[in-house]
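The values are calculated or read from the model by the stated rules, or taken from the named source; none is laboratory data. Since the structure is predicted, the reported quantities are computational estimates derived from the model, not experimental observations. Don't worry about glycine lacking a Cβ; one is built from the backbone with ideal geometry, like all the others, and counts go over all protein chains shown.
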Amino acid sequence: MRRSRITAYVTSLFLAIGLALTGAAAAQASPLAAAGGYVALGDSYSSGVGAGSYISSSGSCDRSTKAYPYLWQAAHSPASFSFLACSGAKTTDVLNNQLGTLNSATSLVSITIGGNDAGFADVMLTCVLHSNSSCLSRIATAKAYVDSTLPGQLDAVYSAIRAKAPSAHVVVLGYPHLYKLGTFCIGLSRTKRSAINGAADYIDAAIAKRAADHGFTFGDVRTTFSGHELCSGKHWLHSVDWLHISQSYHPTAAGQSSGYLPVLNGAA
């Protein structure tokens, strides 16, 4: 590729990121990424559980037309789009079921993964139903898993992505804080809420380090969700919903479009 073309692409990319940081993210965020294929991998935070408008053919994966990957491809019209993120996915599910469409023409990959491996659902169930001490103990177990086992699992996924899509720009997105602290909030104790947020920080730090070590971009959604956590009065996350339990503690449609999408726009 000629130097002039490289310069033009880099200039366009930095301009796009600047627009994202000033609140005008959506227009032309990713000229490089949109030039090829986009593959969206990961778990329920990427499939769009909690956002509604599920694609019937996705079955129990609950892929939503309001999820950030679908919104990104609608805005940028990549050469191809493969939406493979699936509710409940762990790292092994990505390795076994989600990498088939990656190839040398893939220019953008996005992924959220690791929360289910670390036992996110069980952490929340324990913290909702049991005592402060039980909640803190379960979170400590999850953190120990993040220290001992999750890095190797993430390495396996990231290495497989790079092997199958050697030219792709890979954006690894993290998980938001679930609760706004320092406000009156009915439900879980402040001790539990603070510990749950601390667990999000812990797994995000581990994910960010592994992503950086593979040359991938980490997208921190805690910034965009700030002020829109549970207990904020204008939240972009579902609280516990006993009638639709799977969407509990997942982003709403607003969380996808205003929490996750701007981060992908700025990082892609």
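Just to be sure, is Gly259 at pLDDT 95 or above and assigned to a helix (DSSP H, G or I)? The answer is yes for Gly259. Restricting attention to segment 257-265, does a residue exist that is under 23 Å from Asp147 (Cβ atoms) and of a type in the set (Ser, Thr, Tyr)? Taking every residue of segment 257-265 in turn, none turns out to be under 23 Å from Asp147 (Cβ atoms) and of a type in the set (Ser, Thr, Tyr). Among the residues of segment 245-256, are any in a loop (DSSP other than H, G, I, E, B), more than 22 Å from Tyr145 (Cβ to Cβ), at pLDDT 95 or above and of a type in the set (Gly, Ala, Ser)? Looking through segment 245-256, none of the residues is in a loop (DSSP other than H, G, I, E, B), more than 22 Å from Tyr145 (Cβ to Cβ), at pLDDT 95 or above and of a type in the set (Gly, Ala, Ser).
For segment 150-193, a residue qualifies if it is under 14 Å from Glu229 (Cβ atoms), modelled with pLDDT of 95 or more and surrounded by fewer than 14 Cβ atoms within 10 Å (Cβ to Cβ), and exactly one does: Leu181. Residue count for segment 121-137, restricted to those that are free of Cβ contacts under 8 Å to residues at least 60 places away in the same chain, under 21 Å from Gln247 (Cα atoms) and in a helix (DSSP H, G or I): 5.
Cβ-Cβ distances below 7 Å connect the following pairs, each with a first residue in segment 83-101 that is among the polar types (S, T, N, Q), a second residue that is at pLDDT below 95, and a separation of six or more residues or different chains: Ser87/Ser246.
Filtered by the rule that a residue be under 18 Å from Ser80 (Cα atoms), in contact with a strand residue (DSSP E or B) (Cβ under 6 Å, 6 or more places away or on another chain) and not charged (D, E, K, R), segment 54-70 gives Ser64, Pro69. Going through (1) modelled with pLDDT under 95; (2) of a type outside the set (Val, Ile, Thr); (3) under 25 Å from Ala142 (Cα atoms); (4) in contact with a Phe, Trp or Tyr (Cβ under 8 Å, 6 or more places away or on another chain) one by one, His214 falls short only on (1).
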